[in-house]
Structures are given as C-alpha cells and as structure tokens.
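What follows is a short report on a single structure.
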Amino acid sequence: MLTFLPLEEIKGIEEAMAQPGYVPNTAQRRLAEALTEFVHGPEGLATALKATEALRPGAATELDAATLEAIAGDAPTCSLKREQVEGQLLVDVVVASGMLPSKGEVRRMVKNGGVYLNNAKVADDKRALTPADLIDGRLALLACGKKNKMLVRVE
C-alpha cells in the first residue's frame, strides 16, 4: 500500500517469492528502494544505496567523505583527537572509540578476521593508523563483526 510500483511488477515480485531459490528480502529491498526514491528522489536513492553498501564490511565500495557523512545518522559516531588516532595501534583506537571494552577482545577479533578499517579486513593486530587511513583526512569507518560499526571523526 505504500508504493506506486506498477501492479504488474508487484505481481512479478509475489510470483518470484514463491519460486525456489528466491533470495530473502528481495521484495522488501525493492519496496524500500521505491519508497526512498519517492521521498528523496533519484539522487537520494543513489546516496542511500551507496551508504548501505558502504556499511557492509568487505564491501568494494569506494568510501568517500560524502558517503560517510550520509551514514553518520545511521551508524554510531565518535570524535577522537588526531593524536588518539594517527600513529596509534588500531587496537587502541577501537578501544578509545568505545566499540569494544578491551584490547584483548579487539586482538581476538582481529585474529578471527572480524575487524575492518574502511571496509578492508585488518589481519595484523599491531597495525597502526596512518594519515592515509583517514578519508578526507578526518574520517574512518571501523567495524568489529557484521553489525558493530563506528564512524570515527578525527578532530
């Protein structure tokens, strides 16, 4: 009822849902896209799709400041001083951001392949952040696991 999709397309979606091999949430995603485009226009939909993809760890989406700012309302955000980030071990930055309570827990997650910096998997628990890791010199996206994300703003 909250869509202006043509009835033929809705019927096609319903039929696809009954087929074997249907990918879960395909219908919900299509309806959400239609509603987002109706409310925010084609540019808003493009921004929302890019932001959604950017929040997926391991995503190949090229992160930029505009995309990260777009997701700032949907992802937890923290501000850290430059000296708390640049040259510091990622383990320390994750703890300083409040994502995880201890360095040991972060190290375990790194060893298990669950820590990402700007959507790139971190394999070394001794990795330090460099100025090149900061998008637009002021933002970084941390992820610990699939759903625990933090946008770090560097002051």
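The values are calculated or read from the model by the stated rules, or taken from the named source; none is laboratory data. No experiment lies behind these values; they were computed from the predicted model shown. Here the Cβ positions follow ideal geometry from the backbone for every residue, glycine too, while neighbour counts run over all protein chains shown.
What to note about this one:
- For region 118-129, a residue qualifies if it is of a type in the set (Asp, Glu) and either exposed (fewer than 15 other Cβ atoms within 10 Å of the Cβ) or not assigned by TED's automatic domain parsing to the domain that holds Glu83 (or both), and exactly one does: Asp124.
- Hits in region 107-117 - residues which are buried (at least 17 other Cβ atoms within 10 Å of the Cβ) and not aromatic (Phe, Trp, Tyr): Arg107, Met109, Val110, Gly114, Val115, Leu117
A quick yes/no check of all residues on (1) part of a loop (DSSP other than H, G, I, E, B); (2) among the acidic types (Asp, Glu); (3) under 25 Å from Leu141 (Cβ atoms); (4) at pLDDT 90 or above:
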site	(1), (2), (3), (4)
Met1	yes, no, no, no
Lys11	no, no, no, yes
Glu33	no, yes, yes, yes
Thr47	no, no, yes, no
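- Candidates are the residues of region 121-130 that are touching a residue at least 24 places away in the same chain (Cβ under 8 Å) and out of contact with any Lys or Arg (no Cβ under 9 Å at 6 or more places or on another chain); the one that is farthest from Gln88 (Cα to Cα) is Lys121.
- Residue in region 43-52 that is loosely packed, with under 14 Cβ neighbours inside 10 Å and farther than 20 Å from Val154 by Cα present: yes
- Out of Ser97, Ser79, one residue alone is under 20 Å from Thr130 (Cα atoms), loosely packed, with under 14 Cβ neighbours inside 10 Å and of a type outside the set (A, V, I, L, M). It is Ser79.
- Considering the conditions (1) in a helix (DSSP H, G or I); (2) at positive phi; (3) assigned by TED's automatic domain parsing to the domain that holds Leu142, Gly41 is excluded by exactly one of them, (3).
- The listed residue being surrounded by fewer than 17 Cβ atoms within 10 Å (Cβ to Cβ), free of Cβ contacts under 8 Å to residues at least 12 places away in the same chain and closer than 30 Å to Glu43 by Cα, out of Gly104, Gly73: Gly73
- Contact map, region 133-155: first residue on the phi > 0 side of the Ramachandran plot and surrounded by 21 or more Cβ atoms within 10 Å (Cβ to Cβ), second residue assigned to a loop (DSSP other than H, G, I, E, B) and not hydrophobic (A, V, I, L, M, F, W, C), Cβ cut-off under 9 Å, separation 6 or more or different chains; the map is empty.
- So Arg30, is it over 23 Å from Thr3 (Cα atoms) and in contact (Cβ under 8 Å) with a residue 24 or more places away in the chain: no
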